[in-house]
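These notes are about the structure you will find just below.
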Amino acid sequence: MTQATPPAASAEPAAPALPQVLDHLSTDPRSPHYNAAAFEHDVGIRFNGTERFDVAEYCISEGWIKVPAGKTLDRKGQPLMIKLKGRVEAFYRPAAGEAVGAAASASAAATAAAAAGVPPAAAGVAKP
């Protein structure tokens, strides 16, 4: 009788799968839409095509975000929020060690040019 040998384990461990992005999420722990598990990964918000870093709450299906209105506080000391309506996209940002797309290739080209002693303009790399 022959025994089947198990397949060899790959050298790289499988990347953990990211959970699905939630439709409605809040950063305020007192909110019913707060989910601590969602914040284990860095969540990014794109509002009308522009990435926003000041979003306190969002809803993709209804198309709105809540952001602080400057430095204004309510009577309980919490930031006063305003609701902005538009196209909302939520995504998980890559980990700090992972570079994505054109930014990664531009960074690699700048690093290679610097190592070779070539000025960035001569190497065809735009200055940051």
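The table for this structure:
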| quantity | calculated |
| --- | --- |
| Viscosity 0.890 mPa s, 25 °C: Kirkwood-radius Stokes-Einstein D of the range 26-84 over Cα pairs, µm²/s | 197 |
| Solvent-accessible heavy-atom area per residue, rounded to whole Å², over the range 41-93 at 1.4 Å | 64 |
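The values are calculated or read from the model by the stated rules, or taken from the named source; none is laboratory data. No experiment lies behind these values; they were computed from the predicted model shown. Surface areas here come from the heavy atoms of the whole protein model, side chains and all, with no ligands, DNA or RNA. Shrake-Rupley method; radii C 1.70, N 1.55, O 1.52, S 1.80 Å.
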